[in-house]
Amino acid sequence: MPFSQTSNIYCVGRNYSGHIKELKSKTPENPIFFHKPLFSLNASDEIIIPNDREVEHEVEVVVLIKKDGLAKNENEAKDFIGGYTLGIDITDRKLQKNFKEKSTPWFLSKSFKGSAFVSKNIMDNLEDEFYLKINGEIKQLGKSSEMIFGIERLIVYLSKFVALKKGDLIFTGTPSGVGKLSKKNIVEIGFSKNKIAEKYLVV
Ligand code: ZN
């Protein structure tokens, strides 16, 4: 089980300009980090939506941290990267909008059982283009090279505030195309050049 050592799930908001535009948000000066509780982690073969939630998908590159400590610069940050995978930051958008309007933390709109969906297919090297399809139709197509804050920079910035732990996950932000996720959807996430198609049923 690749995530048995995970104790923290860090997430980054507003890291792609297309997504910033679609939510009419502002480009941040520094990375925006938030955190999901461990019980939100779902590395199973099914995407879970709690009955009382109306949610949206945000496909994201997820970085697996392989050692404890602090990365002082981007070179050091490379040593912390234990692999890359894809995940879905499942978001209760209405609730998030509500919190944003009141300028209060959006924690509760991002933190519920199954809200941090992650693929067990961990790769050593990051491929650029990744996608999310619903019932065979492309909904999100992103390029990790288009992140506003690159992965090493995210790790250095996070290290200024918290000590990284082996097994931690960093969801690095979503490209444009977020939208509703419904029960019985067949969701496919993958890197475009990688021929392994991973399909999941939403339950
Ligand atoms: Zn996200």
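The values are calculated or read from the model by the stated rules, or taken from the named source; none is laboratory data. Please read all numbers here as calculations on a predicted model, not as lab measurements. Every residue, glycine among them, receives a Cβ derived from its backbone with ideal geometry; neighbour counts consider all protein chains shown.
Some points to look at:
- Selection count where residues are of a type in the set (A, V, I, L, M) and assigned to a loop (DSSP other than H, G, I, E, B), scope segment 1-35: 2
- Count - residues of segment 162-198 that are assigned to a loop (DSSP other than H, G, I, E, B), over 18 Å from HIS57 (Cβ atoms) and touching a residue at least 40 places away in the same chain (Cβ under 8 Å): 9
- Set LYS165, LYS195, LYS160, LYS184: member being more than 13 Å from the ligand (Cβ to nearest atom), at pLDDT 95 or above and either touching a helix residue (DSSP H, G or I) at 6+ places or on another chain (Cβ under 9 Å) or closer than 25 Å to ASP45 by Cβ (or both): LYS184
- Output for segment 39-87, where each listed residue is within 14 Å of VAL202 (Cβ to Cβ) and part of a strand (DSSP E or B): ASN42, GLU46, ILE47, VAL55, GLU56, HIS57, VAL59
- Leading residue by the ranking (surrounded by the fewest Cβ atoms within 10 Å (Cβ to Cβ)) among those in segment 88-103 that are part of a loop (DSSP other than H, G, I, E, B) and in contact (Cβ under 8 Å) with a residue 24 or more places away in the chain: ASP92
- Tabulated pairs, segment 51-71, first under 26 Å from GLU152 (Cβ atoms), second among the aliphatic types (A, V, I, L, M) and part of a loop (DSSP other than H, G, I, E, B), C-beta under 7 angstrom, 6+ apart or interchain: GLU58/VAL178; VAL61/LEU126; LEU64/ILE122; ASP68/ALA163; GLY69/ALA163; LEU70/ALA163
- In segment 6-29, residue surrounded by the most Cβ atoms within 10 Å (Cβ to Cβ) [restricted to those that are in contact with an Asp or Glu (Cβ under 7 Å, 6 or more places away or on another chain) and more than 17 Å from TRP106 (Cα to Cα)]: TYR16
- Qualifying position, being buried (at least 21 other Cβ atoms within 10 Å of the Cβ), at pLDDT 95 or above and among the basic types (Lys, Arg), among LYS36, LYS78, LYS72, LYS67: LYS36
- Within segment 45-73, the set of residues being away from the ligand (no atom under 16 Å from the Cβ), within 16 Å of the chain's Cα centre (by Cα) and under 20 Å from LYS133 (Cα atoms) comprises ILE48 only.
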